[in-house]
Amino acid sequence: CQSLTYLSLHNLSSTPPLELPKSLQLPALKSLCLINVLFTATDNVCAEPFTTCNLLNTLVLKYCFLHNDAKILFISNSNLSSLKLMDLKIRDTFQHKVVLSTPNLSSLTITNYLGFSHQPFSSTCNLSCLEEGTIHTTTYISYSVFIGWLQLFANVKILKLSYDTLRILKVSFL
């Protein structure tokens, strides 16, 4: 669809997740919310579904999976300004990760209520436009994963850590 500007896909079924194409051909899309979907990899074991959404500025991912052939969820978009990553079910291993290439990102939220977001996050750029960041977790995360999350927020102006996050950190790292 060449004119679609807002899309929200909520897969209410617990299994299987809705499998998306390798690339979303939605050039006018500005806002996207995906819940319980499966990302498939391109030839290089990266899932890169958002690179063709040239106008995308708001992205929400909740309960999203990587297909077995994918090792990296690559979120690449130069216009993206707001990103919410909520209970991603990528995989609980350091071989699988989320990589951001979002130089104009101004808001980043990572939430982890169900204990799935244990994979590392990294960025190909320094996220110098990041104004606001939020981390909320209610379950244990490893020290190295949490430090990796904090590195994403190195240039942030406002960082919000929930009470639950601080409580988990205190219990986990003492």
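The values are calculated or read from the model by the stated rules, or taken from the named source; none is laboratory data. Everything quoted here is computed from the prediction, not taken from an experiment.
Taken over region 61-84, the criterion of being assigned to a loop (DSSP other than H, G, I, E, B) and modelled with pLDDT of 90 or more is satisfied by 77, 78, 79, 80, 81. Inside region 111-134, residues that are at pLDDT 90 or above, part of a strand (DSSP E or B) and not small (Gly, Ala, Ser) make up a count of 2.
When you check residue 100 against the structure, is it over 16 Å from residue 9 (Cα atoms) and either in a loop (DSSP other than H, G, I, E, B) or at pLDDT below 85 (or both), yes or no? No; evaluated as a whole, the condition is false for this residue. Scanning region 135-153 for residues that are assigned to a loop (DSSP other than H, G, I, E, B) and more than 17 Å from the chain's Cα centre (by Cα), we see that the one that is modelled with the highest pLDDT is 138. Can we say residue 169 is farther than 28 Å from residue 22 by Cα and at pLDDT below 85? The answer is yes for residue 169.
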